[in-house]
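Below you'll find the structure, written out as structure tokens, and then a few comments.
The values are calculated or read from the model by the stated rules, or taken from the named source; none is laboratory data. These numbers come from a predicted model, not from an experiment. Here the Cβ positions follow ideal geometry from the backbone for every residue, glycine too, while neighbour counts run over all protein chains shown.
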């Protein structure tokens, strides 16, 4: 129903039926009744505020948003609720009719009856589904690698609501929630929480606070590990080089047998390699000896630095 205000007259209500698209949008954008009864309750309440549904509208909502079995359960529970509200000697069909009632929506009494009927249906939505308790499902909820502690706790609460009749926020269930939060947290957070004295008996808010400290320091821990690894690598390289101080790359050494000589004009019988007289560079015995030592030096470098000699 939609309220229409005409200047100088009392407000009236005009019946505007649901669009089919509205009904199916509500169905597609919300979880099923069995998956989340509370969500379905919230949807019915929201529609009550925005559309002021009549008895006929409520029937359309029940037929579109619920399965036939779910609808049977809800209406059965609604009858029991109506019995409690009707009192002795009063027909429950006065407040919970199964056929379209003659309620005038332009009268306060008619609107009140529509509102009371929808209230009974909303209450029944919360009581019609009996959840099958499966506590083992609670142990399948583990904190993901990059998941925040609060998101993990929210998923744990959802599992309680879906797979058990236990209230995770009730004081008598607090220790159980704490133990699951500690035992199924990410490894680094679990390690810290398990070392906390009296962990399962602490207020959950304190455990979440500790978990967030570990969660927030992960980057710093990773940086320290990386820095430590780099220092270890440098130490290994320095140790390898210290064993072979003469194997540094790019270092030019003077020819064997004497100090390095400066450049000058060669004599006719002087070697261009070792600067000794009596032979030329191509026949220099020192040059051949240098070539023989090159592979050995290379092998020493490979062994000290861990390179693949192939």
- Query: Which of the residues that make up region 102-154 are over 16 Å from residue 79 (Cα atoms), over 29 Å from the mean Cα position of the chain (by Cα), in a helix (DSSP H, G or I) and free of Cβ contacts under 8 Å to residues at least 60 places away in the same chain?
  - Reply: 108, 109, 110, 112
- Task: From the list 99, 48, pick out the single residue that is out of contact with any strand residue (DSSP E or B) (no Cβ under 7 Å at 6 or more places or on another chain), assigned to a helix (DSSP H, G or I) and either under 18 Å from residue 16 (Cβ atoms) or in the same structural domain as residue 15 (by TED's automatic domain parsing) (or both).
- Result: 48
- If a residue has to be modelled with pLDDT of 90 or more and assigned to a loop (DSSP other than H, G, I, E, B) to count, how many in region 1-31 make the cut? 3
- Task: Go through region 20-50 and count every residue that is in contact with a helix residue (DSSP H, G or I) (Cβ under 7 Å, 6 or more places away or on another chain), farther than 22 Å from residue 69 by Cβ and surrounded by fewer than 17 Cβ atoms within 10 Å (Cβ to Cβ).
- Result: 1
